[in-house]
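Colleague: Okay, handing you the structure first.
The values are calculated or read from the model by the stated rules, or taken from the named source; none is laboratory data. These numbers come from a predicted model, not from an experiment. Note: ideal-geometry Cβ built from the backbone for every residue, glycine included; neighbour counts use all protein chains shown. Just the protein is used for accessible areas: all its heavy atoms, side chains included, with ligands, DNA and RNA removed. Shrake-Rupley method; radii C 1.70, N 1.55, O 1.52, S 1.80 Å.
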Amino acid sequence: MKTWLPRIAAVILVLLGVAIVVVVVWWQRAAPVTEGRLDVSGLAGEVNIERDAAGIPTVRGASRDAVLFGLGFVHAQDRLWQLETHRRIGSGRLSEAFGPGALDNDKFLRALGVRRAAAGQWQQLGGEARAAVLAYTAGINAFIGGHLRARPPEFLILGLQPEPWTPEDTLAWGIMMAWDLGGNWTNELLRMRLALTMPVARINELIPPYPGEKPLPVRDYAALYRELKVGGDLGKQALLDAPESGVEGVGSNNWVIAGSHTVSGKPLLANDPHLKLTAPALWYFARLEAPGLKVAGATMPGLPMVVLGQNEKIAWGFTNTNPDVQDVYLEQIKADDASRYRTPDGWAAFQSFSETIRVKGQDDVKLTVRASRHGPVISDAGTAVVSGLAGGAAGPSYVLALRWTALDVDAASIDAGLAISGAGSVAEFISAAEKYKAPMQNMVVADVSGSIGFIAAGRVPLRRADNDLHGLAPAPGWDPRYDWAGFLDAGQTPREINPPRGWIATSNHRITGADYPHYITSEWAVPYRQQRIEALLTARPKHDKESLRRIQTDVVSLAAQRLLPWLRQARPTHALGAATLQRLAVFDGEMRADDAAPLIFAAWAREMTRAVFADEVGGDEAYLRQVGRSDFRAGLEGVLERNDAWWCDDKTTPAVETCAELVNRSLDRALDELQTRLGGDISRWQWGTVHQARSEHRPFSKVKALAPWFELRVATGGDNYTVNVARYHLKGDEPYLNEHAASLRAIYDLGDAARSSVMHSSGQSGLVLAPGYRSFVEPWASVRDLPLWGKGNRILVLQGRSAAQ
């Protein structure tokens, strides 16, 4: 036996050596070519791609379309797998690659009709926007078809080959970004489901109006659904199958300061959009230069433009407006003909589409989806809903249709994005932004002449005066008063130019005053971030880049401060209770990563919210599903401030619980949980230990053996309501993971562009073995940055084959 051991060891060493050689050879071929010359098809002339040490390319060409060809090429070089996932999401083809676990998601996206809408938008798109998409598409395909020497590891592991990019893929990804930033439909379905078990007045307490306002006057929709005999399962499958959208806390911050309030005398602009953290990040920095074009900033693989950034004359940044641009309709099915539904003019036929979904390792799935006059029937996503759900044993059958601005054939915003990046003044920017359709954004802008401005740009539906639901809950689709009555004129959306106060800031809060005559939404984000930003902006007479960076680092939670008085009154019975109260006594709501108090507060708030609301929402399962979209913080604040006995009583027990009892019990349960997780020494507890920012990799974050290699993690402070936002979902085995945060941070200096700086959450590369895959993680977490403008020393020349011959 002993004689065999050396031989076995030798074989293992040989195999290990072979594996290392294979990996090295693969990496040498998979790594992007960044120097020299490449002949490419689809390009007229030459494009120079100059990369700096951080991997940020400067793409130069003789025309805008040549530069966009180069942008498509570098996106494919560095982010090919990300492009693949974007394409599959927009087409509803994830399960073809990932297996049956992605099937429900695909069903919903096929029912939603994203790819069909993108095809319709592409048919409508013309002019410079069409040329830009074609040039960008050609650049991606030039790399895939002629210069992909080795597939990225995700393709190898999953056994996939890259497919050519199409213009429809670009437009579909634009629709999916609008989906991620608009989620009123989920609140509509939540209200409908809650209305089956509780009155509207209680729903308004769970989902209260904007602070300081009264609920919108609406009809009693609980009585309406009882009258219509709507069933309790209607909409459930749609909610379960849908990809996340409109997650509360997914917003952004931006602010712009006039030169009268800056040290330099020139404007400064800051922006940090809050999106789901992914590996690689959604953003990719690039600089684009052509005659008449010099722009740098954040691009997004799949889109042919700089989305957020700076050119020679202006800088701009976005936050989400949170507009109500989605309405859900109950469509009544004809009792003797399931292919027809009720309209104001009688019964009409659904549009019907046959879908075939390929599923890895299983048979294909056939799905029939429908559309009404309002839009796609989203309840067709679930097999239990395809034939319509009955309201009761003898009740009528309904399906749910969605009206949404982003699915309109003229809703593409490519032309607006191109015009924005080429604008030369605040006035030109606002004119360009008026072309923008979806998703509606709060755009701030500054120019080198010293002007600052703001416009809420996007398509806003007009609702009739007799619409007594205001888009808050699903409406009867056969009643014409709930149909949209057109769209708000683009020149009448909210805007502001050079206000006397010298600054403009938006954080998804209410951007309209009492005198604004048009309805945008009633579901603005609670204004904690906005209030904190305004306090910091007005705390000093003059700002510079460093003071703006300090605002971006701020982790003081005004939301935590609001609930702390009740937590400090707790009387825990837990052995760690006394030590806990000592720490809470000096806790000021600053959610520092290295402190135990933020962790204790977060765990208590989690338990308290569940204790108050889970029984009324439908039990733990229904509650936990919903907390991924809303943490019901505003509802909890109201319950405690009213000392509301109805909500605090647990309806599942014979006892009558008080709010004070729930406060005590929730702290005990929180301490039990934290002791189990972190041990019994509170001095060793830290918020950042469990509140790690996790950048999810699709799909390998869900594969235990691969997740440590592909996903990115780093300890962070903050919470859902801090300026340096760090949203956690309160569910699963890791309820405090920060999965939605500042996906990028930027500060633009209009007096000295060389001082403009940026950072996003991962790195430029999408190749897991590349240093650039994770090189931004630590500086991002520490709120450090890189110069936006710069030069590199690695130059790649793309030469069109026609030019080379």
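Colleague: Could you run through the range 161-188 and say how many residues are within 20 Å of the chain's Cα centre (by Cα) and either farther than 23 Å from MET305 by Cα or among the basic types (Lys, Arg) (or both)?
Modeller: Number satisfying all stated conditions: 6.
Colleague: Quick check on ALA118: is it under 30 Å from VAL377 (Cα atoms), without any contact (Cβ under 8 Å) to a residue 60 or more places away in the chain and surrounded by fewer than 19 Cβ atoms within 10 Å (Cβ to Cβ)?
Modeller: no
Colleague: A further question follows. For ALA131, indicate whether it is in contact with a Lys or Arg (Cβ under 9 Å, 6 or more places away or on another chain), at pLDDT 95 or above, among the aliphatic types (A, V, I, L, M) and closer than 25 Å to ALA412 by Cα.
Modeller: yes
Colleague: A follow-up question, please. From (1) modelled with pLDDT of 95 or more; (2) more than 16 Å from ALA270 (Cα to Cα), pick out the condition that doesn't hold for LEU788.
Modeller: So LEU788 meets the others, but not (2).
Colleague: Taking only pairs six or more apart or across chains, which ones have beta-carbon atoms under 8 Å, a first residue in the range 522-544 that is more than 13 Å from VAL263 (Cα to Cα), and a second residue that is in a loop (DSSP other than H, G, I, E, B) and hydrophobic (A, V, I, L, M, F, W, C)?
Modeller: Every condition considered, the pairs that remain are SER522/LEU216; SER522/LEU472; TRP524/ILE511; ARG529/VAL723; ARG529/VAL725; ARG532/VAL723; ILE533/VAL723; LEU536/VAL723.
Colleague: Further, regarding this structure: Pairs only if they're at least six apart or on different chains, beta carbon under 7 angstrom, first in the range 21-35 and under 9 Å from GLN77 (Cβ atoms), second modelled with pLDDT of 85 or more and in a helix (DSSP H, G or I); list them, first residue then second.
Modeller: PRO32/GLN77; PRO32/ASP78
Colleague: Separate question: Could you say which residue among TRP165, TRP173 is touching a His at 6+ places or on another chain (Cβ under 7 Å) and either surrounded by fewer than 18 Cβ atoms within 10 Å (Cβ to Cβ) or under 25 Å from SER354 (Cα atoms) (or both)?
Modeller: TRP173
Colleague: Collect the residues in the range 42-86 that are acidic (Asp, Glu) and either closer than 27 Å to LEU769 by Cα or under 23 Å from the mean Cα position of the chain (by Cα) (or both), keeping them in residue-number order.
Modeller: GLU50, ASP52, ASP78, GLU84
Colleague: Let me ask something additional. Can you go through SER547, SER522 and tell me which one is part of a loop (DSSP other than H, G, I, E, B), under 30 Å from VAL426 (Cβ atoms) and small (Gly, Ala, Ser)?
Modeller: After ruling out the rest, the residue left standing is SER522.
Colleague: Which fully enclosed strands (runs of 3 or more DSSP E) of the range 292-376 have 1 or more residues being crowded, with 19+ Cβ neighbours inside 10 Å and in contact (Cβ under 8 Å) with a residue 24 or more places away in the chain?
Modeller: Where strands (runs of 3 or more DSSP E) fall fully within the range 292-376 and carry at least 1 residues being crowded, with 19+ Cβ neighbours inside 10 Å and in contact (Cβ under 8 Å) with a residue 24 or more places away in the chain, they are 293-299, 306-311, 314-320, 326-334, 337-343, 351-357, 365-371.
Colleague: Now a separate question. Out of (1) open to solvent by less than 10 Å² (accessible area, probe 1.4 Å); (2) touching a Phe, Trp or Tyr at 6+ places or on another chain (Cβ under 7 Å), what's the single condition that is false for PHE285?
Modeller: (2)
Colleague: Of the conditions (1) at pLDDT below 95; (2) open to solvent by 10 Å² or more (accessible area, probe 1.4 Å); (3) of a type outside the set (Lys, Arg), PHE108 satisfies every one except a single condition; which number is it?
Modeller: (2)
Colleague: Checking TRP185 against (1) crowded, with 20+ Cβ neighbours inside 10 Å; (2) of a type outside the set (A, V, I, L, M); (3) modelled with pLDDT of 95 or more; (4) not in a loop (DSSP other than H, G, I, E, B), which test does it fail?
Modeller: Failing condition for TRP185: (3).
Colleague: Here's a follow-up. Any residue at all in the range 764-779 that's in a strand (DSSP E or B), closer than 15 Å to LYS276 by Cα, open to solvent by 10 Å² or more (accessible area, probe 1.4 Å) and touching a residue at least 60 places away in the same chain (Cβ under 8 Å)?
Modeller: Taking every residue of the range 764-779 in turn, none turns out to be in a strand (DSSP E or B), closer than 15 Å to LYS276 by Cα, open to solvent by 10 Å² or more (accessible area, probe 1.4 Å) and touching a residue at least 60 places away in the same chain (Cβ under 8 Å).
Colleague: Might you let me know whether the range 239-256 holds any residue that is in a helix (DSSP H, G or I), surrounded by 18 or more Cβ atoms within 10 Å (Cβ to Cβ) and either modelled with pLDDT of 95 or more or among the β-branched types (Val, Ile, Thr) (or both)?
Modeller: Looking for residues that are in a helix (DSSP H, G or I), surrounded by 18 or more Cβ atoms within 10 Å (Cβ to Cβ) and either modelled with pLDDT of 95 or more or among the β-branched types (Val, Ile, Thr) (or both), one finds none in the range 239-256, hence no.
Colleague: Output the helices (runs of 4 or more DSSP H) that fall wholly within the range 572-674 and possess 1 or more residues being surrounded by fewer than 21 Cβ atoms within 10 Å (Cβ to Cβ), out of contact with any helix residue (DSSP H, G or I) (no Cβ under 8 Å at 6 or more places or on another chain) and of a type outside the set (A, V, I, L, M, F, W, C), or say none.
Modeller: Output list reads 577-585, 597-617, 620-626, 633-642.
Colleague: Give the residue that is surrounded by the most Cβ atoms within 10 Å (Cβ to Cβ), with candidates limited to residues of the range 410-433 that are within 15 Å of ALA129 (Cβ to Cβ) and acidic (Asp, Glu).
Modeller: The qualifying residue surrounded by the most Cβ atoms within 10 Å (Cβ to Cβ) is ASP415.
Colleague: Turning to a different aspect of this structure: SER756 - would you say it is of a type in the set (Ser, Thr, Tyr) and more than 23 Å from the chain's Cα centre (by Cα)?
Modeller: Spelling it out, SER756 is indeed of a type in the set (Ser, Thr, Tyr) and more than 23 Å from the chain's Cα centre (by Cα).
Colleague: Applying the selection to the range 194-226, what residues are in a helix (DSSP H, G or I), under 10 Å from LEU472 (Cβ atoms) and in contact (Cβ under 8 Å) with a residue 12 or more places away in the chain?
Modeller: Selection gives VAL200, ILE203, TYR221.
Colleague: So, in the range 699-739, of the ones that are among the acidic types (Asp, Glu) and either open to solvent by 10 Å² or more (accessible area, probe 1.4 Å) or free of Cβ contacts under 8 Å to residues at least 24 places away in the same chain (or both), which residue ends up farthest from PRO527 (Cα to Cα)?
Modeller: GLU711
Colleague: State the number of residues belonging to the range 121-131 that are part of a helix (DSSP H, G or I), small (Gly, Ala, Ser) and open to solvent by 10 Å² or more (accessible area, probe 1.4 Å).
Modeller: Total meeting the criteria: 2.
Colleague: From the list VAL200, VAL230, pick out the single residue that is in contact with a helix residue (DSSP H, G or I) (Cβ under 9 Å, 6 or more places away or on another chain) and within 14 Å of HIS470 (Cβ to Cβ).
Modeller: Only one candidate passes the filter, namely VAL200.
Colleague: What strands (runs of 3 or more DSSP E), lying completely within the range 23-103, carry at least 1 residues that are within 23 Å of GLU128 (Cβ to Cβ), of a type in the set (Asp, Glu) and touching a strand residue (DSSP E or B) at 6+ places or on another chain (Cβ under 7 Å)?
Modeller: 46-51
Colleague: Still on this model: Here are ILE504, ILE533, ILE511: which of them is among the hydrophobic types (A, V, I, L, M, F, W, C), touching a strand residue (DSSP E or B) at 6+ places or on another chain (Cβ under 8 Å) and closer than 24 Å to HIS691 by Cα?
Modeller: ILE533 is the lone residue from the list that is among the hydrophobic types (A, V, I, L, M, F, W, C), touching a strand residue (DSSP E or B) at 6+ places or on another chain (Cβ under 8 Å) and closer than 24 Å to HIS691 by Cα.
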